[in-house]
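The structure appears right after this line, and notes come after that.
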Amino acid sequence: MIVFVKKYEHSANDSDIVLLFSKFAKNKHMEKKFEVKIEATSNPGIVKFEANYFLTQHTSYEFENIDQAKNSPLAQQLFYLPFVKRVFIAQNFVAIDKYDIVEWSDVQEEVAEQIENYLNSEQPIILETETKSTKKVPITIYAESTPNPAVLKFVANKKLVTAGHEFKNIDDASESPLVKELFHFPFVKEVYIDENYISIGKYDMADWNDITLEIREFLRNYLEQGKEVLSANATATKKEVENQVHTDFENLDDISKDIISIIDEYIKPAVASDGGNILFDSYDPESKAVKVVLQGACSGCPSSTFTLKNGIENMLKEMLKDKVSTVEAING
């Protein structure tokens, strides 16, 4: 597990902080209200309109004209805008490719509002009867090794969840149909899901060489069938958790805020690339001890102690000088 160090800036990344206190939103159920955020892409003609809930069950659609969009009332509505050239509908976003007759800066706010209003009208996004002209993007799954020999990371070409979720046993998986089925494999010990990957921890009874292909095929088939990863109202949405995090963050002392900022900006991305996650737990100003929670591939990893002492602890000591003395993982 490698941690890359770059120049420290006193800031917190809100989208990453969402994961730090997601445990506080575990059983928080709220009414679904769609919100749409505008996201630029590398193609100046295409803009993404990202929703805070999934729109489709892990299937992507591309429509090149209004006739092709006959099984998508939302796409049909968008084609009535004279500048719309193509419409893409994926798990949690709508992307629009436009003609050059307008600039996105002049129309994107109105388009975002139109999409948001449609989603909140509870009208269907995709009708169950599909046409031959509908283009589906196939699901691909590939396996990546992690620093933890007991954990393998399975990466999908689709977004699976909007926030990290950890499952230690089948009881934890009551709101995740996918994870519940994974626990039916006798060698699956624990599961961590985040964004577009699933980290699976196994028991010593099985060898990865014997089971990797089986898990990969299971995941691919499961997602291609459009089955749920999480139940519709499994947890609070990313936006709702984000609001809770802002409240919790503001109630912390200044040193704790600095620690969270450093973890978010410098440590969390490297840990995520290894199939894991790190959460801030607490800071004791008297002993100057920091406690964190390790998830996914990081939990129980043989190299986690080395990473804590020679990576995270050294980084916090360097950036916060005499404010931190030790870093400890409360779950090993």
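Values in this text are rule-based calculations from the coordinates and carry no lab data. All figures in this text were calculated on a predicted structure; none of them were measured in a lab. Don't worry about glycine lacking a Cβ; one is built from the backbone with ideal geometry, like all the others, and counts go over all protein chains shown.
Counting Lys and Arg as +1 and Asp and Glu as -1 over every other residue whose Cβ lies under 10 Å from the Cβ of LYS189, the net charge comes to 0.
Relative protection proxy for 262-269, 152-159, from highest mean packing down: 262-269, 152-159 (other beta-carbon atoms within 10 angstrom). Compactness of segment 37-163, taken as the C-alpha radius of gyration over 2.2 N^0.38 Å, stands at 1.18. Note that segment 206-214 has calculated 3J(HN,Hα) couplings of 10, 10, 4, 4, 8, 10, 4, 4, 4 Hz, one per residue in order, obtained from phi through the Karplus relation 6.51 cos²θ - 1.76 cosθ + 1.60 (θ = phi - 60°); glycine and proline are x. Each residue of segment 177-191 was assigned a 3J(HN,Hα) from its phi angle through the Karplus expression (A = 6.51, B = -1.76, C = 1.60, θ = phi - 60°), giving x, 5, 5, 4, 5, 4, 5, 6, 6, x, 8, 7, 9, 7, 9 Hz with x at Gly and Pro. For GLU328, the residues 5 or more places off, or on other chains, whose built amide H falls under 5 Å of its own are VAL290, LYS291, VAL292.
Computed across segment 69-127, the Kirkwood hydrodynamic radius from all distinct Cα-Cα pairs reaches 11.9 Å. Residues whose amide H lies under 5 Å from that of LEU55, counting only those 5 or more places away or on a different chain, are ASN92, PHE93; hydrogens are built 1.01 Å from N in the peptide plane. The count of lysine pairs in segment 60-159 that are at least 8 places apart or cross chains, and whose C-alpha atoms lie under 16 Å apart, stands at 9. The residues neighbouring VAL87, those whose beta-carbon lies less than 9 Å from its own, together hold a net charge of -1 under the Lys/Arg +1, Asp/Glu -1 convention. For the peptides 176-186, 42-52, the ranking by packing is 176-186, 42-52, with the highest mean count of neighbouring Cβ atoms within 10 Å listed first. Between the alpha-carbon centres of segment 159-235 and segment 262-299 there is a gap of 23 Å. A Cα-only calculation for segment 141-224 places Rg and Dmax at 11.7, 32 Å. The order of the peptides 94-107, 195-208 by mean Cβ neighbours within 10 Å, most packed first, is 195-208, 94-107.
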